[in-house]
Amino acid sequence: MKINANLVIELRNKKSWSQDELAIATGLNLRTVQRIENEASASLQSKKALASAFDININDLDYEESLKMKKYEFKTIEIESNEGFLSGLKKTNCQIL
């Protein structure tokens, strides 16, 4: 399952642990820790071990697509007359797409 590898690396660095030290703290194989950090994939058992070692909720390790998405607000306007419309937008700092 997908995992937030950046969070794993961040938490490991906060504890000043090497990957080997994280492997020891979690009871996981060093190669497993490397794979988790490089491929952002982990079994449920590995996620439980990481959550326990970092003292966090297991759900905090879930990868979320929305982390990369930006939120935008769009406004719709109705144009009755298009005469001078574009020049009017420039005066109000509106972006024309």
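Under a 5 Å amide H cut-off, with hydrogens placed 1.01 Å from N, residue 40 pairs with nothing among residues at least 5 apart or on other chains. Exposure proxy shown here: for 7, 22, 30, 44, the number of other Cβ atoms within 10 Å sets the order, fewest to most, as 44, 30, 7, 22.
Taking K and R as +1 and D and E as -1, what net charge do the other residues with C-beta under 11 Å from the C-beta of residue 28 add up to? Each step should come with its number before you reach the end.
Working: positive: 31, 35, 47, 48; negative: 20.
Residues near residue 28 contribute +3 overall.
Among 63, 72, the order by Cβ neighbours within 10 angstrom, fewest to most, reads 72, 63.
In this calculation the C-beta distance from residue 62 to residue 16 is compared with R0 = 22 Å, giving a FRET efficiency of 0.30.
For residue 6 and residue 76 in the same chain, what is the full-extension length gain: residue separation times 0.36 nm, less their Cα-Cα distance, in nm? Contour length minus Cα-Cα distance gives 21.4 nm.
Report D for segment 5-67 in µm² per second (integer): Stokes-Einstein, Kirkwood Rh on Cα pairs, 4 °C, 1.567 mPa s. Please report the intermediate quantities before stating the final value.
On the way: Rh = 11.5 Å.
Value of D from the Cα-based Kirkwood radius: 113 µm²/s.
Going by neighbour counts of Cβ atoms within 10 Å, the residues 31, 12 line up, fewest first, as 31, 12.
Throughout, read-outs are computed from the coordinates displayed, never taken from laboratory work. As the structure is a computational prediction, the values presented were derived from the model and not from experiment. When we count neighbours, we look across all protein chains shown, and the Cβ atoms used for this are built from the backbone with ideal geometry, even at glycine.
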